[in-house]
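The values are calculated or read from the model by the stated rules, or taken from the named source; none is laboratory data. Fair warning: this is a prediction, and the values are worked out from it, not measured in the lab. Note that we place each Cβ from the backbone using ideal geometry, even for glycine, and neighbour counts take in every protein chain shown. Heavy atoms of the whole protein, side chains included, go into the accessibility calculation; ligands, DNA and RNA do not. Shrake-Rupley method; radii C 1.70, N 1.55, O 1.52, S 1.80 Å.
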Amino acid sequence: MTRQPPALSRFLALYGALFAAFGVASPFFAAFLATRGLGPEAIGLVLAAGTAIRLLAGPLGGRLADRLGAPRWVLTGYAAAAALVAFGYLPASGLWPLLLVSVAHASVLAPIVPLADALALAAGAAGRGFQYGWVRGGGSAAFILGIVASGQAVSRFGLVAIIWLNGALLSLATLCAARLPDRLHHPLTGETPGGFAELLRLQGFLRLMLVAALIQGSHAMHDGFAVIRWATAGVGSSTIGLLWSESVVAEVVVFLFIGRTLIERLTPAGASALAAAAGFVRWAVLAQTASVFAGALVEPLHGLTFALQHLACMRLIREIVPPYLAATAQAFYNTVAVGAATALLTLASGPLYAGFGAGGFWVMSLLCAAAIPLTRGLRRSTP
């Protein structure tokens, strides 16, 4: 009998393929759409439609996995569909064909990361020799490598290269997903265990979702306008790239090395409070100054405002939510709580920045401040 590789290796392979697939597409996708005959308004419509459909498709995919009791196979099916649909961009041209492919692709992509997270958390909790943060940090590193690879590929082969790379990496992710351990599998019976109503009634779950929405949603203005803020102040492109890289490096460091220790010492509630406090400081500084020195000091706080808060949420979801609702909970967290909050705050960021300039970051800072007292009601964890 062929010996299976350790669970850590299998999850690292999956997250590496998935996040590299995201990385190769993210920087150049809008530019690719422009080469297919879309103007700015049409590009915005295609991107917005994909975001909107994710809010519905993500929770439905998670619910399907829990209802069938087979998250691994549902994940494998979605990954295979995502790879197939990705290649649909190759012949598409014009608004309606590209819109159709985009909506279909977003629909099958939306549940993939939540399902992978649910399986990884369950495997890690079962004592399979790894921490969730390791595989999530590996995914973040793969995302960076994907961005670098896409730049090289586009320079050599043109923008169509990102479609080939994305589809190929999603195909690889499909093979990796089929080899994952599934600690959430349960036999299919005539009864449907749980549901969205039961999930929302779980003690502490809605509070946890609100805390996540406030802290992670507060990144919306940074993602949309930090580069504009620095460039307007005369900061060079290379320096802006270094500032942005700082945040990504800090994210990987927290995921791989210090996140679990912080959560065990502070409890998930305390770690969430620390993440919220870091967000308050980070956005307040950006509201006050575009100084490179100040930016260099606060950009590493991304390791707390995103990575640590995400790890705290993962720990609490694992504690609060029964296994038969794990995939549903992950999809709700990723797409409804964080996804919807980010989409709404991204929409709000434009008018805020137009009306108040960098002062709009104070709104993001206040959102984090509002999250701090809410963290006190989160269930506390023991190591």
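Computed values, structure above
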| read-out | value |
| --- | --- |
| Accessible area (Å², per residue) of the range 240-319, counting only protein heavy atoms and a probe of 1.4 Å | 37 Å² |
| Cα gyration tensor of the range 139-284 - equivalent ellipsoid semi-axes, whole Å, descending | 33, 28, 15 |
| Of the DSSP H helices in the chain, those whose Cα atoms cover at least 18 Å axially and whose Kyte score averages 0.5 or more | 7-25, 40-68, 71-86, 95-109, 112-125, 132-157, 161-177, 237-253, 259-288, 340-356, 361-374 |
| Highest average packing first - 77-90, 31-44, 280-293, Cβ atoms within 10 Å | 77-90, 280-293, 31-44 |
| Rounded to the nearest 20 debye, dipole of the chain from Cβ charges on Lys, Arg, Asp, Glu | 680 debye |
| Percent RCO, i.e. relative contact order, over the chain, from Cα pairs under 8 Å lying at least 6 residues apart | 27 percent |
| Carbon plus sulfur fraction of accessible area for the range 170-305, probe 1.4 Å, in percent | 64 percent |
| Scattering curve values for the range 1-94, log₁₀ I(q)/I(0), Debye with Cα scatterers, q = 0.10, 0.12, 0.13, 0.26 Å⁻¹ | -0.39, -0.55, -0.63, -1.42 |
| Choice from A126, A312, A178 with maximal GNM fluctuation in the chain (Cα, 10 Å cutoff) | A126 |
| Solvent-accessible heavy-atom area per residue, rounded to whole Å², over the range 39-124 at 1.4 Å | 37 Å² |
| Portion, in percent, of the accessible area of the range 1-105 that falls on carbon or sulfur, probe 1.4 Å | 72 percent |
| Extreme residue, positive dipole direction of the chain, given options S365, I144, Y89 (C-beta unit charges) | I144 |
| Charge-dipole axis of the chain as Lys and Arg at +1 and Asp and Glu at -1 on Cβ define it, positive-most pick from A290, W164, L200 | L200 |
| Calculated P(r) of the chain - Cα pairs past 33 Å, % | 29 percent |
